[in-house]
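The structure appears below as structure tokens.
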Amino acid sequence: EPDPPPQEEPEPPEEVPAGSPAEAGTTPPPDPPSGGKEPPETPKPPDQTVPPPSGEYDHDAVLAAVRSGDSSGLSEKSWAVLEAAKAVLDQTVTGEMNDYEKELAIHDWMLDWGRYDHETLSRLPGQEAGADSGNPYGFLVGKAGICTGYAATFQLFMELLGVECVLVEGTAHAGTADHAWNLVRLDGEWYGVDVTWDDPSTKIPVSEETAHRYFNVTSAFLRGNDHQWTEEGVPEAEGTAWAWQP
């Protein structure tokens, strides 16, 4: 799986070895940071009378808990993801927003909150893969993820908001590395979203335009910018009405 590309260049970067892996936290994220300047502190989760049982993150179980209104059967990681996601939605999304504004708010919050987990893909001796770097627990609680973690987190938010969204698994680097991104449906038309490649991979400040280069783009744009996938069964993103505008 490829690293996100450097934001000042249109081409995706070479994989960069990194230091020791980040240790995952245990609590949901707080208010979205303002302006992306300083990373926010992580608050304590709401009290529970009975702690959730240990276990891995289960996407379907989280959605079922939302539909039923009963989260008592969720595993510890699934419960933590649901509480974190609800906290983010409460603090970033309002009832006055349309689906595009909700999508944009989540996209921008994710850029401020998480970072790309270079350690997981490092082949240096002693580096260990993050067990949850490919799912929302790693991103929401551990504040780091690889592309599947970004895409799965974005998809979860969209599903919680009632916005149709799919996760696309394909390749990048001319087909030599696995990659993943999303498609969202707004007003009946599909748009491509690659949150991973929008997230700055450097501490150098980037422009708003650069940070939204892969937000609500067409499939043709993705094909022309190092995204490859098996197109059978994958919607064609052709929408332009809700493309990002500076």
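The values are calculated or read from the model by the stated rules, or taken from the named source; none is laboratory data. Quantities reported herein were computed from a predicted structural model and do not represent experimental measurements. With ideal geometry, Cβ positions are generated from the backbone for all residues, glycine too; neighbour counts draw on all protein chains shown. All accessible areas refer to the heavy atoms of the entire protein, side chains included, with ligands and DNA or RNA removed. Shrake-Rupley method; radii C 1.70, N 1.55, O 1.52, S 1.80 Å.
The table for this structure:
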{"quantity": "Per residue, in Å², the accessible surface of the range 126-216 once ligands and nucleic acids are set aside, probe 1.4 Å", "calculated": "36 Å²"}
{"quantity": "Volume per residue of the C-alpha convex hull in the range 59-197, rounded to whole Å³", "calculated": "113 Å³"}
{"quantity": "Accessible-area composition of the range 140-199, carbon plus sulfur, in percent [1.4 Å probe]", "calculated": "41 percent"}
{"quantity": "Neighbour cut-off at most 15 other Cβ (10 Å), DSSP loop, trypsin sites (Lys or Arg not before Pro), the range 151-246", "calculated": "Lys203"}
{"quantity": "Charge-dipole axis of the range 114-246 as Lys and Arg at +1 and Asp and Glu at -1 on Cβ define it, positive-most pick from Phe157, Gly114, His179", "calculated": "Gly114"}
{"quantity": "Distant-in-sequence amide H partners of Val168 (H built 1.01 Å from N, under 5 Å)", "calculated": "Trp181, Asn182, Leu183"}
{"quantity": "Within the range 155-214, GluC sites (Glu not before Pro) in DSSP loop having at most 12 other beta-carbon neighbours inside 10 Å", "calculated": "Glu208, Glu209"}
{"quantity": "Separation of alpha-carbon centers, the range 138-180 and the range 198-237, rounded to whole Å", "calculated": "12 Å"}
{"quantity": "Gain upon complete extension [Ala241, Thr202; 0.36 nm per residue less C-alpha separation]", "calculated": "11.0 nm"}
